[in-house]
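Coordinate-derived values only; no laboratory data. Predicted model only: the values in this text are computed from it and were never measured. Cβ placement follows ideal geometry from the backbone for every residue including glycine, while neighbour counts extend to all protein chains displayed.
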């Protein structure tokens, strides 16, 4: 009997180590050969401006990228820490499972079947550190349940702080864990965890306060302003099944959700595994939910599936053949991408290195302004290892970190190359055509922009009769470290303040302020009041109102929060 146990242990170690080696090698090859996703390039810019917070996310992803990018500035360098912690996460998951007499072979098969694990085994986004620290949390929490020590409480406090600094979704793990074991509240050591994690997270909270809570406004206000479509909800569970395995995901979810709860740790896994998808399913009624947002729930899902396999070892005969085909499909997809063959939506990750070089050749050492969101400016900056690509976040796009970084300050009164996806009469004079697409370019002299100026009307929900005059008492603030003015005297590009009413189709009805706006001059940090008289939309209905400051030739920046406006 002892010989049999030793042999089983040896075989398990052998399987795990071979699997980890293959997993790591595949991720290294993929990480080196695959062009950056736009989000990865955006987070690389995070790493160039290290801070306690960012518009979209906490700062952990920036540290992950900074670490590898300091070693080598290429795709593998940006992803090397993600690849490392992906392998470490799998090994730690195996350590957690040892208590439950788990099968190393089935554990490796489950990991290999999950498309989500493959995607984020090398891609560096906030989900990567979030998953890693979630796994570390479960490792120490399993011990903490059995051993109520101050040392474990201290470690958990540190880990939870790291979770919070990775992504705000960490709140779900924390909340569901406490919900699964209310008795934790009676432990004095539990409050050390709370206190330590809270203290360590204070710098990020102060950053949010100093920047007027951009993340909170974006995630709770701007995202929820998106018009609801039924496919947001009914496609969500289908997406989760696909992420768990294109052929076998449905069965893996079934095995995870039907594991027998025999202790407090398994109950914690179950509450997190079920609670997180339910939370995002409910969220889908407010706006689109991206499939990877539930990645934090895949750690407990993996554990529950393998625990269930140990509890009920009799598997259906079709399981292994289907699992192997599932794995083969995923590996074939990955090898196809390594070979440089675009697949589906992943075509957007091919050809942008060449595009970035082509734009740089046209721009030289000048700044480049893009009008199509944060994605391509970030790719331009990354592949040219520069900070001279800037995203002009106009009224038709959401806010981004470009609204906070000092790049905009640097383009004032400079000559810049303007890159657009469409022709702009009088501006675009040439084009750049590469396999990634076609862009139009033109030079803009003596640029002036006011992307960071804030305009506040004091209310974010207004109801007024249709077709009447109404005067808004606006507060206009200059956040720049230098004085600004809105005068058009001797200026190449005139500036105006606009009220933009967006209807349900997204079409904008725009009204300009009178020339008294051009008399405003503000010192650094100074605010002033301005009365802006508008005519409410003549057609009754729901609108989104936004105040925008526009200078030629740009579309106008997003200078206020969205106001829910009803014309009745």
Rounded to 10°, Cα long-axis angle of helix 352-363 versus longest principal axis of the chain: 30
Helix 170-180 vs. the chain, principal-axis angle (Cα, 0 to 90°, nearest 10): 40
Checking the a/c ratio against 1.5 first, then a/b against b/c, what shape does the Cα gyration tensor give for the stretch 278-378? oblate
For the chain, the fraction of alpha-carbon pairs in successive 20 Å shells from zero, as %: 19, 48, 28, 5, 0
Where a ≥ b ≥ c are the square roots of the eigenvalues of the C-alpha gyration tensor, would you call the stretch 516-568 rounded, which needs a/c under 1.5, or, failing that, prolate if a/b is larger than b/c, or oblate? prolate
Extended-chain gain in nm, criterion 0.36 nm per residue less alpha-carbon gap, residue 515 and residue 310: 66.3 nm
Inter-site label distance for residue 488 and residue 250 at 7 Å from Cα along Cβ, in nm: 6.3
Quickly estimate the mean residue ellipticity at 222 nm for the chain, helices only: each DSSP H run with n ≥ 4 gives -39500 (n - 2.57), and the total goes over all residues, rounded to 500. -15500 deg cm²/dmol
Percent of all alpha-carbon pairs of the stretch 87-136 at distances over 12 Å, whole number, is 65
In nm, give the distance between the simple-model label positions of residue 446 and residue 198, each being 7 Å from the Cα along the Cα-to-Cβ direction. 5.6
Going by Cα centres, the stretch 16-62 and the stretch 457-500 are how many Å apart? 40
Relative to the longest principal axis of the C-alpha atoms of the chain, give the angle of the C-alpha long axis of helix 295-311, reported between 0 and 90° and rounded to the nearest 10°. 10
Just check the stretch 454-567 against the gyration tensor rule for me: Cα atoms, a ≥ b ≥ c as the square roots of the eigenvalues, rounded for a/c under 1.5, and otherwise prolate or oblate depending on whether a/b exceeds b/c. prolate
Between residue 410 and residue 10, take the C-beta separation as r, use R0 = 51 Å, and let me know the FRET efficiency to the nearest 0.05. 0.25
Which distance in Å, rounded to a whole number, links the C-alpha centroids of the stretch 286-333 and the stretch 125-174? 23
Reported to two decimal places, what Rg/Rh ratio describes the stretch 269-332 when computed on Cα atoms with Rh from the Kirkwood expression? 1.08
Most exposed first, judged by fewest Cβ atoms within 10 angstrom, 394, 473, 69 run 473, 394, 69
Provide Rg over Rh for the stretch 351-444; use the alpha carbon set for both Rg and the Kirkwood Rh (inverse mean inverse pair distance). 0.92
For a Förster distance of 60 Å, can you work out the FRET efficiency between the beta-carbons of residue 475 and residue 238, rounded to the nearest 0.05? 0.85
DSSP beta bridges in the chain: the antiparallel percent, rounded to 5, is 80
